[in-house]
Structure formats: C-alpha cells, structure tokens
Ligand SMILES: *Cc1c(COP(=O)(O)O)cnc(C)c1O
C-alpha cells in the first residue's frame, strides 16, 4: 500500500508577518516551517504510521542506535516558486532513487521511491505559504532516515524513523556568485574504496569536518578530496561534485568510481552541457593533470556543484604550500551553465526533459 502522509486535521500556521520577515534574510538551514513529514518502520510491519505533524523535536531514547553507530542517511532538494506563483520540485525521483541506494548501503530499509516523492510533495503542499519567491530563494527539503531502535548491540536496527523537514533558504551567495579558494587534502580522506562514498550519509560529513577546519585555517573555504588509496585522483569536495572546463570545450568531471556521490546537479549539468557548446566527459582525473593544466592555461575554469549553491566557481587550489590560481575573469562557461540550470528550475526556460514536477 502506498503511503499517503495525510496532513493533520487542524494544521498550525505561523503568521504571514513571521514568514515574510524570515524571507528578508533566510540564510541557509536556519529557519524551519510549521510541519514535518514522518513515517515509522519496523521489521514486523514495514513502513507505517505515515503522517504530517507539527514541527517538533524528535524524542529518541539515549540508547537509540543512531546516536552510537551513525546508521543514518539523508537527502537534499528544493521547491521553487515560479513567476506565476506555482510551486515545483526538480527531479525528485532522482533523489528518491539515491535515497534508496544510500539506505541499502547503510543497511537501512528502502523507502519506495513513490513514497519518498509523496512525502516531499505533501509537505511542500501544506507549507506552500513558506516557499519564497525572491531571487534564488527556495524551500530546501531535508528528508532523512535513522536507526531508532533502543539497542546497543551492533546490527542493523529493527526500527527506523523517516522524517522530512523544510527550510526557506536564500541565495547561497549574497551579493553575487563569489569564487572560492579550495584546500586539497592529502592528509585526510573522507571515504575509501568499498566505503560509503556513494551514499549520502551523515558519517561521510563527520569525516570531512576536521579537514574542513584545516582548510579554514589555511584561508580556504572548502576541501577537495583525492582518492584514499593512491592520493592521486581527484574525487570531490565535502558536499559538492568537482568539474573542470578545458580550452577545447570539454566539461570534465571524475567518473562515478564508487567513492563519489552521484549528484543530481552533476548529472543535470552533464546532460545540458551540449546546449552550451560543451562536450560532457566523465573519466578519472589526476590531481597533477589539474595542477599542470591550470599552469599551462588549458584548464580555464573549475567549479563545484550541488543543490545548495548550484555552481560555485573555484578561484584557486592550495596544495602542498603552493597556490594554483585560475583567472576567473576568463571564465566564460561557468556562470552561463549556472544560469541555464536556474532558468529551468525557476521556470524561465522550457523544461524540455520533463525534470520539473508541479506540486501546486
Ligand atoms: C549531496 C552531495 C553532493 C551534491 O549532490 P546534489 O544532488 O547535486 O545536491 C555532492 N557530494 C556530496 C558528498 C554530497 O553529499
């Protein structure tokens, strides 16, 4: 039986004044809407008790397995308000499919893709007043699943909780898209062969935080991770995929080698690349190739991408005391690519691939 995530009989609503004052400066992930979608799973009955409830703390016993063994996966996608007031999701089925794969890797139960999409759809429907309409604003959706069984034995949990929360968010960069400096981590890895790199799980993020701090200490805002085995191949950033654009108009990104998170933004950019005169290429990329080609000018643009910031241009890579600087003024494709995707998401250009799903 498909889940329905029915809303409460008497939903609680924040006043318009509260919502519009948050819209003035929502930041990212700081404010949350009035409701959340919830469902329970246990080994005997499977998924059940699906519902929309008032936003509230989740009460878990201190023996709840997620606190101890980090059996958790999550997703991130956005709802966009178009100029005519309608509200749309971008490729939610892609997030649903990835959520199933992530859950499988973390030995969590798979939530059927259809139920995932329903949960997100119904939450956005009830929270439609919260979806902002300003430049690059959206309602960020965070579905997640965790082991909720009270048991300290080490095995997959027999009971699980699924929750979706929603947060109005603004342009990731206030005052225009700012190129960032990136620290290449050779000391720490975030994932390793056979590990959880292709799963969107909290544990991968936990492993990325210390190197992230190191990046900050070195004047960089993000970390670029290389492969753990040889420390030779570029993989991705802590939460974004990595791209380079060559002077012969190739849009190159590391192939999905099992350690890289298959980003929906990554896949979408590879798909639209020909429309901007770029040839998409997925292949192993050696760090030394990137550094050499920044030097000889045959790589002219680097960027990172993900749902939150869409595309972030990269200004420099710092590696072993040296800084490799891109002349960002010569970048001709990064911003048009970014605009191209935003135009589809915000309904300003035709959705020729059927990526958009109307909520209301
Ligand atoms: C979520 C995520 C991305 C980006 O994926 P999108 O689907 O484009 O948002 C990239 N890398 C990691 C590690 C991630 O967790």
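The values are calculated or read from the model by the stated rules, or taken from the named source; none is laboratory data. This structure is a prediction, so every number in the text was calculated from the model and none was measured. We place every Cβ from the backbone using ideal geometry, glycine too, and count neighbours over all the protein chains shown.
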Of the residues in segment 137-150, those that are out of contact with any helix residue (DSSP H, G or I) (no Cβ under 6 Å at 6 or more places or on another chain) and over 23 Å from residue 30 (Cα atoms) come to 148, 150
Here is a list: 211, 254, 262. Which entry is within 15 Å of the ligand (Cβ to nearest atom) and farther than 18 Å from residue 305 by Cα? 211
Can you tell me which condition residue 196 does not meet? The list is (1) assigned to a loop (DSSP other than H, G, I, E, B); (2) more than 14 Å from the ligand (Cβ to nearest atom), and all the others hold. (2)
Kindly provide the set of residues from segment 280-321 that are without any contact (Cβ under 8 Å) to a residue 40 or more places away in the chain and within 13 Å of residue 337 (Cα to Cα), ordered by number. 280
The condition of being surrounded by fewer than 19 Cβ atoms within 10 Å (Cβ to Cβ) and within 12 Å of residue 244 (Cα to Cα) holds, among 320, 282, 339, only for 282
Sort out for me the strands (runs of 3 or more DSSP E) sitting completely within segment 284-360 that have 1 or more residues that are closer than 26 Å to residue 167 by Cβ. 299-306, 310-319, 356-358
Unique match (being more than 23 Å from residue 157 (Cα to Cα), in contact (Cβ under 8 Å) with a residue 24 or more places away in the chain and surrounded by fewer than 16 Cβ atoms within 10 Å (Cβ to Cβ)) among 34, 61, 16: 16
Condition check: surrounded by 15 or more Cβ atoms within 10 Å (Cβ to Cβ), in a loop (DSSP other than H, G, I, E, B) and out of contact with any strand residue (DSSP E or B) (no Cβ under 7 Å at 6 or more places or on another chain). Does residue 100 satisfy that? no
Would you mind finding the one in 62, 11, 109 that is in a loop (DSSP other than H, G, I, E, B) and either under 15 Å from residue 162 (Cβ atoms) or within 16 Å of the ligand (Cβ to nearest atom) (or both)? 109
Looking at (1) part of a loop (DSSP other than H, G, I, E, B); (2) touching a strand residue (DSSP E or B) at 6+ places or on another chain (Cβ under 7 Å), can you tell me which one residue 51 breaks? (1)
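Residue by residue, here is whether (1) away from the ligand (no atom under 15 Å from the Cβ); (2) modelled with pLDDT under 95 holds:
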{"residue": "170", "(1), (2)": "yes, yes"}
{"residue": "174", "(1), (2)": "yes, yes"}
{"residue": "184", "(1), (2)": "yes, no"}
{"residue": "192", "(1), (2)": "no, no"}
{"residue": "204", "(1), (2)": "no, no"}
{"residue": "221", "(1), (2)": "yes, yes"}
{"residue": "225", "(1), (2)": "no, no"}
Any chance residue 83 is away from the ligand (no atom under 16 Å from the Cβ) and not in a helix (DSSP H, G or I): yes
